[in-house]
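The structure under discussion appears below in the form of structure tokens.
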Amino acid sequence: MKRPNRLVVAAACVSVVAAGGAYVHFFVYGPTSFDRAAWRAGEGDDVPFSQDAPRLRMADGLVDSGILVGKERHEIDDLLGPPTDTSKFRSYDRVYWLGAERGLLGMDSEWLVLRFRDGEVAEVRIVRD
């Protein structure tokens, strides 16, 4: 019986590891549905491993879904609560602290920022400081 080519075996191993990593990233650290109580409790949480910060994953879902675009200020305030008290990102109308920057050597913070136009959310982004 012919032995498999080492290159084929190596490629198969790399594929399995990559697929496993993608699974873990998406299902363990990927976007989650929004939970208002968890969002509001998340302000002030300083989780050492930022992937565990609930606001980070919820913010990913909020940005990806586009659900905030078109909402009025009072709707945002009702949903997300008061913005974070910060002097950062003054060019945006609402700023919410999400947690420590993701990644092995994350030294900064990540923030959800919103910009309004004509009284409605026109732009939603996640930024780092």
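The values are calculated or read from the model by the stated rules, or taken from the named source; none is laboratory data. For clarity, every value in this text was computed on a predicted model and none was experimentally measured. With ideal geometry, Cβ positions are generated from the backbone for all residues, glycine too; neighbour counts draw on all protein chains shown.
Being β-branched (Val, Ile, Thr) and under 17 Å from the mean Cα position of the chain (by Cα) is the filter here, so list the residues in the stretch 91-122 that pass it. First the steps, then the outcome.
Start the filter on the stretch 91-122 by keeping residues that are β-branched (Val, Ile, Thr), which leaves 95, 113, 121.
95, 113 - these are the residues of the stretch 91-122 that are β-branched (Val, Ile, Thr) and under 17 Å from the mean Cα position of the chain (by Cα).
Of the strands (runs of 3 or more DSSP E) that lie entirely inside the stretch 89-129, those containing 3 or more residues that are crowded, with 21+ Cβ neighbours inside 10 Å span 94-100, 109-117. Of the numbered criteria (1) under 19 Å from residue 127 (Cβ atoms); (2) at pLDDT below 65; (3) aromatic (Phe, Trp, Tyr), the one residue 27 fails is (1). Within the stretch 51-64, at least one residue is in the same structural domain as residue 104 (by TED's automatic domain parsing) and at pLDDT below 55.
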